[in-house]
Amino acid sequence: MIAWLLMVTVAAQPLSFEQAQALAEASPSLSAAATAIDRRRALAEVVPWLTSNPAVLVQPGGRRMAQGALGPELYLGVTQDVSLAGAGVARRAAALAEVNAEQEERAVLRRGLRLAAAQAWLSLWAAQSALEAAHEELTLTTSWQAKVARGAEAGGFTRVDVAVASAYHAEAHLTALSLEGEAFVRGVALNRVLGRDAERPALTEGAPPPLGEAAIESARVLRQADTAPPVRAAAAQVEVERLRADELGAARGSALQVGALAWREGGGDLAAVASLQLTMPLFERAQRERSAAAAALSRAEGRAQLVLAEERAERVDALHEVEHSAEVLRVIEGQLLPASREALDGMQKRFDAGETTAQELVLTRRALLTTRARHARARADVAFARFHLATLMEAP
């Protein structure tokens with residue numbers, strides 16, 4: 001265990017909570033999302049109002065006239081389709097709405113990554129704290145086991161006391177090994193959340209964020225759900241689907257084809273004509289495509305309602321978790337931990353005086369070790385609950 005800790009400490013640079021959050025902000029997924037938005041916006045902003053390119057017609061040829069002479073002929077024409085339904089404007093509006101939806105989705109991704117990084121860091125910190133307590137207990141148990149063995153040789157302890165001390169030493173060793181594995185797994189999980197390309201699991205340093213008391217207005221927390229990133233992203237997707245449907249309708253709307261044709265005949269005569277061709281949406285109005293778009297819009301509207309309900313539910317849960325985790329920590333720090341330490345001190349004195357058995361002392365030591373690990377996890381739970389609520393309350 002000690003060798004593993006030394007190896008990881010040398011190979012991995014410990015991270016504070018703030019450093020983990022900074023790495024989450026700079027994660028590859030967020031950077032890629034920002035780049036995608038910039039590239040998409042660059043082209044969406046220059047979508048033209050004309051939805052098609054001009055067509056140029058060139059027809060070279062010749063003509064044999066009645067007198068038998070040959071003369072070259074050339075026809076030149078150009079046509080341009082112009083949407084009278086505003087197809088180009090609709091296309092640009094839909095493209096810009098998609099950019100806005102990408103931005104809102106990135107905000108959702110950012111919030112999720114920050115929360116995931118906070119939870120992973122705090123879980124790793126709690127595991128490391130529990131492992132430290134287990135290591136301290138293993139060191140003390142090793143000394144205690146040797147003391148009991150020497151006392152048994154002098155007749156002060158029984159064989160049962162020696163067996164109990166040896167069993168608890170093995171148990172403490174197994175507990176440390178189990179926590180070592182947990183810390184390893186949670187360190188790898190933190191690297192994964194942060195998108196770090198690391199050969200060793202992450203380590204934490206420092207304490208969790210401060211647990212300062214703050215007044216919480218439940219009504220304001222729930223009211224702000226309407227402007228939360230997931231809700232904004234869902235509303236942006238509804239707008240995208242609506243504008244896509246408008247784009248499909250405009251693409252099959254009325255259109256005017258403007259053209260001009262000029263030619264030279266074989267006899268040398270020159271001529272030119274202009275043409276206007278009107279396409280009217282009497283039959284085909286993109287009914288097939290618009291039906292799918294209408295269904296997508298309905299689904300997006302349903303998702304927006306569901307996302308709002310989920311956001312409010314998450315905030316209700318976050319409010320409760322802040323109070324619940326704080327109460328758990330108060331009980332552990334104010335009652336359980338002091339009582340466990342006092343019980344161990346008293347039981348150790350009674351054992352040294354020969355007034356109790358090794359088994360009773362082991363039960364007290366085990367209870368304190370469990371309480372110390374529980375205390376670390378309770379501190380992590382309180383820190384995450386408050387960070388979670390603070391993140392939910394951030395302005396978009």
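Helix-only estimate, please: 222 nm mean residue ellipticity of the chain, summing -39500 (n - 2.57) across DSSP H runs of length 4 or more and dividing by its residues, to the nearest 500.
Taken over the chain, the calculation gives -24000 deg cm²/dmol.
Hey, what's the Cα Rg ratio for region 287-396 versus the globular rule of thumb, 2.2 N^0.38 Å?
1.97
Just to confirm the number: angle between the C-alpha axis of helix 87-153 and the first principal axis of the chain, 0 to 90 degrees, nearest 10?
Its long axis makes an angle of about 10 degrees.
What's the extension gain from S29 to A42 if we count 0.36 nm per residue and subtract their Cα-Cα distance?
Length gained, S29 through A42: 2.7 nm.
May I ask you to evaluate 6.51 cos²θ - 1.76 cosθ + 1.60, the Karplus curve with θ = phi - 60°, for each residue of region 21-34 and list the ³J(HN,Hα) values in order in whole Hz, giving x for glycine and proline?
With coefficients 6.51, -1.76 and 1.60, one gets 5, 5, 5, 5, 5, 9, 5, x, 5, 5, 5, 5, 5, 5 Hz.
Under the definition of Cα pairs under 8 Å and six or more residues apart, what whole-number percent is the relative contact order of region 328-393?
42 percent
Set the Förster radius R0 to 22 Å, insert the Cβ-Cβ distance between R64 and A260 as r into 1/(1 + (r/R0)^6), and round the FRET efficiency to 0.05.
0.20
Counting other Cβ atoms within 10 Å, which GluC sites (Glu not before Pro) in region 271-318 have at most 12 and lie in a DSSP loop?
Answer by residue number: E284.
With axes computed from alpha carbons, what is the tilt in degrees of helix 337-352 against the longest principal axis of the chain, rounded to the nearest 10 within 0 to 90?
The helix 337-352 is inclined about 30 degrees to the chain.
Could you pull the accessible area for H320 with a 1.4 Å probe, rounded to 10 Å²?
Here the accessible area works out near 100 Å².
Please give the helix 287-331 orientation as an angle from the longest Cα principal axis of the chain, in degrees from 0 to 90, rounded to the nearest 10.
20 degrees
The values are calculated or read from the model by the stated rules, or taken from the named source; none is laboratory data. Treat the numbers as computed from the prediction; the structure is a model and nothing was measured. For neighbour counting, all protein chains shown are included, and Cβ atoms are generated from backbone atoms with ideal geometry for every residue, glycine included. Quick note on the areas: whole protein, heavy atoms, side chains included, nothing else; ligands and nucleic acids left out. Shrake-Rupley method; radii C 1.70, N 1.55, O 1.52, S 1.80 Å.
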